[in-house]
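Participant: Okay, handing you the structure first.
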Number of protein chains: 2
Amino acid sequence: MVAVVGGGQLARMMAPAAAELGVTLRVLVEGAGASAGQVVVDAPHGASADAAAVSAVALGDAERRPADVLTFEHEHVPHALLHQVSDAGVPVRPGPHALEAAQDKIVMRRRLTELGVACPAWAALPRDPEAARAALDAFVAAHGGAAVVKTARGGYDGKGVRVVRGSADVGEWIASAALDGPALLVEEKVPFVRELAAVVARRPSGEVAAYPVVESVQRDGVCAEVLAPAPGLDPALAAHAQAVAEQIATALDLTGVLAVELFEVDGAVLVNELAMRPHNSGHWTITGAVTSQFAQHLRAVLDLPLGSTSPVARWTVMVNVLGSRLTALTDALPDVLADPAVQVNLYGKEIRPGRKLGHVTVSGSDLAEVRARANRAAALLRGEDADDGVAAPTADATRRNA
Amino acid sequence: MVAVVGGGQLARMMAPAAAELGVTLRVLVEGAGASAGQVVVDAPHGASADAAAVSAVALGDAERRPADVLTFEHEHVPHALLHQVSDAGVPVRPGPHALEAAQDKIVMRRRLTELGVACPAWAALPRDPEAARAALDAFVAAHGGAAVVKTARGGYDGKGVRVVRGSADVGEWIASAALDGPALLVEEKVPFVRELAAVVARRPSGEVAAYPVVESVQRDGVCAEVLAPAPGLDPALAAHAQAVAEQIATALDLTGVLAVELFEVDGAVLVNELAMRPHNSGHWTITGAVTSQFAQHLRAVLDLPLGSTSPVARWTVMVNVLGSRLTALTDALPDVLADPAVQVNLYGKEIRPGRKLGHVTVSGSDLAEVRARANRAAALLRGEDADDGVAAPTADATRRNA
């Protein structure tokens, strides 16, 4: 029995994989109507920072036996709580120590730097406002007049990340950091060619398996589209990116799926972010690889042998459905499914602007065609005309987000 | 919202497909611990012949809104009950009229004969015992000294089917038929080369989609293994088998998945049985085809466009796990999953001799290798040594069950 903290779409997508493995799932969901709560029978309600709720889901209570392992669909669980569960005898995977590098971007940068992993130039900003302003302005000056400031904790999908030209652009963040708000770090604004992601899985015994490196097309700081594998990527660079992800997983003694978001720069890759759980850049594996990242995550945290990461088609493209003008996404299914190659995955979430509501995947042998079909399906689910918002396939699909 | 009668593995395997489509599932399960009840949140208990239970699952009750459609994982629902639900305004798919041909083998043979579909020679036996004995003995004499007697209703997986040399071999069935037990029919014992299955889906609008024709390897009257597509099958015969299945689906005005079990005889196919639901011969589609038969069934009964039936690999082999010496199938996972190409699907059922507890699939380009790996995995799940019970791949894999 696997207990999962978090009731969003990532926990939801673990459910089919668990059913197939004959493994029972227990999910701590935020409340009624949660995405995962709709498809998991044992889904108690509670916040991921609520010690009693996390404890009950992991260690059991009057009605529930202890889980075999506790895992996560997000990193926002207090450190002390994880140690408490682990000390009580239920393995926490990934472990608290590894997870810290996903919870705190300063910890992450420090560890990666120690490992010799190539990252953007970076610096932690002091808590003192005056010192922070001086450090930030000096960093910006040294890096071409612009930089990226991030909150060390709590950011996601572009939140907690801001491009700045000077300390005045993040005055309120600096003030907040001085008052015990999230600490800040600054990173160089990397002139990247495109963004890539390397998804790997590792189990306690040490076995590691790597998926093909994908291109992640971002719009407004959010992953919009994933092209698997990354078109035109130099095989040596792809192998290097996989090796870096495997190195990080091993060095951090990580268990489960690790997604490493990367910047491709002239013939090299720099690590942007880490996620220690199934990740949006791996959703294509549900239909496009022999073993989905969700099945792989469950295998990994249960210390079962990892499955094949081979793709089942030359190309698979995944497109997120971010917000919709429809009242129900299922209303679009008659049009969307009229393309027999389109595979949809809807999360059962209430529609809100920009919210990740589902995704579509298409596999095939012609990248431009696959991409056009997937984007058309996503546009229909967003309630747009079939040809609105469609990324027209180009001969050089690899450079769209350059 | 789709309501399903029956809580076995077929309903269980609809759950992932429903979740992905963003469609809610409600399943009428036989009782606590049912295979589907473990993975479906809304799973009331009740028998499939219980009018109140079927009515509540379809039409709703104090806590439940009416379903958009009622469907099945088996055919054993009383006819009058289906009409009642349909008359109350909830579509029943497949409809009661079509379903009758899957519930009653005499009705099935009569309809197929009317359609001009090639079947084994057959005759309904009279209810009068003396007349039945005379008719059966005459049929046997006219068909080479052996025949197959079947109960018209209630049989499955080899039950209700007996090879006979004369009426004395089914004396108690004849006596039972005279006392209002199941009516009997007799069929010629077909000297088939092998058994095939053609799985198609049809939706109310009339759209039909056919999966590749597969070989179904039977052992002791139960499907043991499915090879997809059927190795070495003449493409013209494969197309003919698909056309026959499509003809039956259309002529019976069927909605949902239809599995047509076929005998291959010298250059022709004869229809053996029909199943109007996802079927064991289609389990390979979960991992081996773009659209699984479970997703296809849901699309069909919801009148959504049907998905691609294309295979994702040259060969996919599915092997059933029938019974096990283990105390829990999950105990075998460390060994089974050591082969990264193996995909398991366990049904969460209590272990009993001969019971269908799960299946494994392997896809690849070399049939003999794929078959050996799938059989090895199934043997491990049965608690046998890896090399017990393994169907050794042969150069001519198509003739193993001739």
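Participant: What average number of partner chain Cβ atoms lie no more than 10 Å from the Cβ of the residues making up A:331-340?
Facilitator: Mean partner-chain Cβ count within 10 Å for A:331-340: 4.
Participant: Which ³J(HN,Hα) values, rounded to whole Hz and listed in residue order, are derived for segment B:194-201 from phi using the Karplus coefficients 6.51, -1.76 and 1.60 in 6.51 cos²θ - 1.76 cosθ + 1.60 with θ = phi - 60°, glycine and proline given as x?
Facilitator: Karplus values, whole Hz, x for Gly and Pro: 6, 9, 10, 9, 10, 9, 10, 9.
Participant: Tell me, rounded to the nearest percent, the portion of alpha carbon pairs in segment B:108-187 spaced more than 19 Å apart.
Facilitator: 32
Participant: What spacing in nm lies between the two simple spin-label points modelled at A:Glu369 and B:Ala328, each 7 Å away from Cα in the Cβ direction?
Facilitator: 4.8
Participant: Rounded to whole Hz and in sequence order, give me ³J(HN,Hα) for segment A:348-354 from the Karplus expression 6.51 cos²θ - 1.76 cosθ + 1.60, θ = phi - 60°, writing x for Gly and Pro.
Facilitator: Running phi through 6.51 cos²θ - 1.76 cosθ + 1.60 with θ = phi - 60° gives x, 9, 5, 6, 9, x, x Hz.
Participant: Output needed for segment A:194-399: three equivalent-ellipsoid semi-axes, defined as square roots of 5 times the C-alpha gyration tensor eigenvalues, in descending order, whole Å.
Facilitator: 29, 19, 15
Participant: Here is a further query. First obtain the Kirkwood hydrodynamic radius of the protein assembly as shown from its Cα pairs, then insert it into the Stokes-Einstein equation at 37 °C and 0.692 mPa s, and state the resulting D in µm² per second as a whole number.
Facilitator: Using the Kirkwood radius from Cα pairs, D works out to 116 µm²/s.
Participant: Along Cα→Cβ at 7 Å, what distances in nm separate the A:Gly181 label point from those on the other copies, shortest first?
Facilitator: A:Gly181 label point versus its equivalents elsewhere: 8.2 nm.
Participant: Taking 8 Å as the Cα distance limit and 6 or more residues as the minimum spacing, I'd like the relative contact order of segment B:194-399 as a percentage.
Facilitator: 19
Participant: Could you compute the FRET efficiency for A:Glu114 and A:Arg352, with r as their C-beta to C-beta distance and R0 at 41 Å, rounded to 0.05?
Facilitator: 0.55
Participant: Here is a further query. Which far-off residues, 5 or more places away or on another chain, put their amide H under 5 Å from the one on B:Glu225, with H placed in the peptide plane?
Facilitator: Under 5 Å from the amide H of B:Glu225 lie the amide H atoms of B:Val217, B:Asn320, each far enough along the sequence or on another chain.
Participant: Here is a follow-up. Would you calculate a helix-derived [θ] at 222 nm for chain A, using -39,500 (n - 2.57) for each DSSP H run of n ≥ 4 and dividing by the full residue count, to the nearest 500?
Facilitator: Rounded to the nearest 500, it is -9000 deg cm²/dmol.
Participant: Let me ask something else. At what distance in nm do the modelled label points of B:Asp266 and B:Ser176 sit from each other, each positioned 7 Å from its Cα along Cα→Cβ?
Facilitator: 3.7
Participant: Taking amide H atoms as placed 1.01 Å from N in the peptide plane, list the residues 5 or more away in sequence, or in a different chain, whose amide H sits under 5 Å from that of A:Gly95.
Facilitator: Distant-sequence amide H within range of A:Gly95: A:Thr255.
Participant: Could you point to the residue in B:Val200, A:Val257, B:Gly31 farthest towards the positive end of the protein assembly as shown's charge dipole, with +1 and -1 charges on the Cβ of Lys/Arg and Asp/Glu respectively?
Facilitator: Going by the Cα projections, it comes out as B:Gly31.
Participant: A further question follows. Counting only other chains, and only Cβ atoms inside 10 Å, what mean value do you get across the residues of A:299-306?
Facilitator: Rounded to a whole number, the mean comes out at 3.
Participant: Of B:Gly181, B:Ala132, B:Gly144, which is farthest towards the positive pole of segment B:121-188's charge dipole, taken about the Cα centre with +1 and -1 on the beta-carbons of Lys, Arg and Asp, Glu respectively?
Facilitator: Farthest towards the positive pole: B:Gly181.
Participant: Additional query: Place the label 7 angstrom along Cα→C-beta at B:Pro78 and in each other copy, then list the distances from the first to the rest in nm, shortest first.
Facilitator: 5.8
Participant: Can you give the three extents of the C-alpha atoms in segment A:227-308 along their principal axes, from longest to shortest, in whole Å?
Facilitator: Sorted largest first, the three principal extents are 39, 30, 19 Å.
Participant: From the square roots a ≥ b ≥ c of the eigenvalues of the alpha-carbon gyration tensor of chain A, which class results: rounded (a/c under 1.5), prolate (a/b over b/c), or oblate?
Facilitator: Because its axes are fairly even, with a/c under 1.5, chain A counts as rounded.
Participant: Using amide H atoms built in the peptide plane, which far-off residues or other-chain residues are under 5 Å from B:Arg194 H to H?
Facilitator: The answer is B:Glu264.
Participant: Computed over the Cα atoms, what is the radius of gyration of segment B:143-294 divided by 2.2 N^0.38 Å, N being its residue count?
Facilitator: Here the Cα radius of gyration is 1.12 times the empirical estimate.
Participant: So what is the relative contact order of chain A, in percent, for Cα pairs below 8 Å that sit 6 or more residues apart?
Facilitator: For chain A, the relative contact order is 13 percent.
Participant: If you average the sequence gap of Cα pairs under 8 Å that are 6 or more apart and divide by the length of segment B:121-188, what percent do you get for the contact order?
Facilitator: Once normalised by length, the contact order is 47 percent.
Participant: Compute, for segment A:2-92, the length of the dipole vector about the Cα centre, with Cβ point charges of +1 (Lys, Arg) and -1 (Asp, Glu) only. Units Debye, rounded to 20.
Facilitator: Value, rounded to 20: 120 debye.
Participant: Per residue of segment B:71-77, what does 6.51 cos²θ - 1.76 cosθ + 1.60 with θ = phi - 60° give for ³J(HN,Hα)? Whole Hz please, x for Gly and Pro, Karplus curve as stated.
Facilitator: 9, 9, 10, 8, 9, 8, 10
Participant: Right, here's the next one. In the neighborhood of A:Ser48, defined by Cβ-to-Cβ distances under 13 Å, what is the net charge if each Lys or Arg adds +1 and each Asp or Glu adds -1?
Facilitator: -3
Participant: Right, here's the next one. Only Lys, Arg, Asp and Glu count, each charged at its Cβ (+1, +1, -1, -1), so figure out the dipole size of the protein assembly as shown about its Cα centre, rounded to 20 debye.
Facilitator: About 120 debye.
Bear in mind these aren't lab numbers, they're just calculated from the coordinates by the rules spelled out. Keep in mind that what you see is a predicted model, and the values were worked out from it rather than measured. Reconstructed Cβ throughout: ideal geometry from the backbone, glycine too, with neighbour counts over all protein chains shown.
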